[in-house]
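A.B. asks: My structure is below; once you've seen it, I'll send some questions.
The values are calculated or read from the model by the stated rules, or taken from the named source; none is laboratory data. Model, not experiment: these values are computed from the prediction. Neighbour counts run over all protein chains shown; Cβ positions are idealised from the backbone, glycine included. We work out accessible area using only protein heavy atoms, side chains counted, and drop any ligands, DNA or RNA first. Shrake-Rupley method; radii C 1.70, N 1.55, O 1.52, S 1.80 Å.
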Amino acid sequence: MRELGITYEEVYDLLHQACTTISPDVLYLMRNAVEQESYPEAKVFLQTMIDNVAQATEKDKPVCQSPGYPTVWIRFGEAFDMDPLLSYLPKALTEATKAGLIRPSIVHPLTRHNPGDSTGEGVPNIELQHVSGQEYVEIIMSAKGCGAELGNVSKILTPATLGKNYSGLKRLVLDTVINAGGFPCPPSAIGIGLGGQMDVSAKLSREAISTRSWLDHNPDPLLDQLEQELLEDINQLGIGPAGIGGKTTTLAVKIAGAATHTAICPVTINFHCWVARRFGVRIYPDGKREMLFQVKE
């Protein structure tokens with residue numbers, strides 16, 4: 001079994017970045033939104049958000065008071081010794097909390113007991129994914145804000161309620177955005193999971209919005225068309241940044257799908273606030289590192 005070759009310092013650095021700034025692809029979209037926004041108040045809000053990111057990075061402070069919920073995706077093509085990496089992740093969370101980069105907000109679901117160190121049963125959530133033939137190991141660390149979770153919706157559609165030309169699905173997405181209003185801290189992004197059963201669609205919705213670049217296109221032409229259509233329709237609702245009105249309600253829509261049963265079509269709509277605290281790295285067999293979510297000019 002091969003050594004992965006990642007150090008604790010590298011893991012902590014990924015988490016540090018995820019605490020003090022947002023991923024480059026999302027910062028790029030935010031800057032574009034400022035240029036294209038025609039509502040004066042919305043333009044001010046967007047620029048203030050960008051200024052907040054710059055100050056957080058400069059002063060080495062949390063980019064948002066919410067610490068989010070930590071999930072790590074580890075994708076690999078062959079067997080590696082994962083034990084060191086798996087031990088680094090909770091240690092890095094604890095150390096970042098002690099350093100004041102993360103507000104301790106992880107609690108028991110019923111008693112609400114807070115251990116004060118951002119750990120607990122199942123935290124961080126670690127998703128190990130084998131990708132046949134993949135030559136590199138990919139590690140993506142994401143701390144998705146939990147205020148945005150309050151607007152999320154899971155629903156089991158039927159072939160009839162899915163609708164002709166997916167009208168039922170589109171209406172469900174638009175109604176969910178309207179009902180959520182400014183609570184998901186717009187401009188948000190939306191992950192949509194389709195298929196499987198409810199648990200599968202929920203997992204797909206988080207993975208789609210947390211691990212894909214918000215600048216990419218879906219390799220499935222049908223899903224790509226749906227993503228672009230929904231993005232345009234949502235931004236015509238006029239909710240705008242912070243819900244004050246404007247052209248910029250959603251920065252991206254990302255859809256992931258899985259096969260399902262003939263009687264159902266599970267759908268999960270998952271909001272991600274503009275504070276995209278996620279950073280990733282690819283580690284190649286020769287030791288080369290490639291940072292993810294970069295913007296190619």
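A.B. asks: Would you check which residues across the stretch 80-134 are in contact (Cβ under 8 Å) with a residue 40 or more places away in the chain and exposed (fewer than 12 other Cβ atoms within 10 Å of the Cβ) and list them?
C.D. replies: Scanning the stretch 80-134 gives Leu128, His130, Ser132, Gly133.
Results for (1) under 19 Å from Arg206 (Cα atoms); (2) in contact with a Leu (Cβ under 8 Å, 6 or more places away or on another chain); (3) of a type in the set (Asp, Glu); (4) assigned to a helix (DSSP H, G or I), shown as yes or no for each residue.
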residue	(1), (2), (3), (4)
Ile22	yes, no, no, no
Val26	yes, yes, no, yes
Leu29	no, yes, no, yes
Glu35	no, no, yes, yes
Gln47	no, no, no, yes
Asp51	no, no, yes, yes
Gln55	no, no, no, yes
Thr71	yes, no, no, no
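A.B. asks: What are the pairs, 6+ residues apart or on separate chains, where a residue within the stretch 280-293 that is more than 15 Å from Asp25 (Cα to Cα) has its Cβ under 7 Å from a residue that is of a type in the set (Asp, Glu) and open to solvent by less than 20 Å² (accessible area, probe 1.4 Å)?
C.D. replies: Note: pairs meeting the criteria are Arg282/Glu138.
A.B. asks: Still on this structure, I have one more. Which one is farthest from Thr262 (Cα to Cα) among residues in the stretch 194-227 that are of a type outside the set (D, E, K, R) and without any contact (Cβ under 8 Å) to a residue 40 or more places away in the chain? Full working, then the answer.
C.D. replies: As a first pass, look at the stretch 194-227 and keep what is of a type outside the set (D, E, K, R): 194-198, 200-202, 204-205, 208-211, 213-215, 217-219, 221-223, 225-226.
Checking the rest, the ones that are also without any contact (Cβ under 8 Å) to a residue 40 or more places away in the chain come to 217-219, 221-223, 225.
On the way: His217: 28, Asn218: 24, Pro219: 24, Pro221: 22, Leu222: 19, Leu223: 19, Gln225: 23 Å.
Among those residues, the one meeting the criterion is His217.
A.B. asks: Among the residues of the stretch 176-208, write down those that are open to solvent by less than 70 Å² (accessible area, probe 1.4 Å), hydrophobic (A, V, I, L, M, F, W, C) and part of a helix (DSSP H, G or I).
C.D. replies: Scanning the stretch 176-208 gives Val177, Ala180, Val200, Ala202, Leu204, Ala208.
A.B. asks: Let me ask another. Any idea which of (1) exposed (fewer than 14 other Cβ atoms within 10 Å of the Cβ); (2) under 25 Å from Glu135 (Cα atoms) is the one Ser38 doesn't satisfy?
C.D. replies: Exception for Ser38: condition (2).
A.B. asks: Then there's this: Does the stretch 40-68 hold any residues that are among the hydroxyl-bearing types (Ser, Thr, Tyr) and modelled with pLDDT under 95, and which are they?
C.D. replies: Narrowing the stretch 40-68 to residues among the hydroxyl-bearing types (Ser, Thr, Tyr): 48, 57, 66.
Correct list: Ser66 only.
A.B. asks: Just to confirm my filter: which strands (runs of 3 or more DSSP E) fall fully inside the stretch 209-297 and include at least 1 residues that are surrounded by fewer than 18 Cβ atoms within 10 Å (Cβ to Cβ)?
C.D. replies: Passing ranges, in order: 250-260, 278-283, 289-291.
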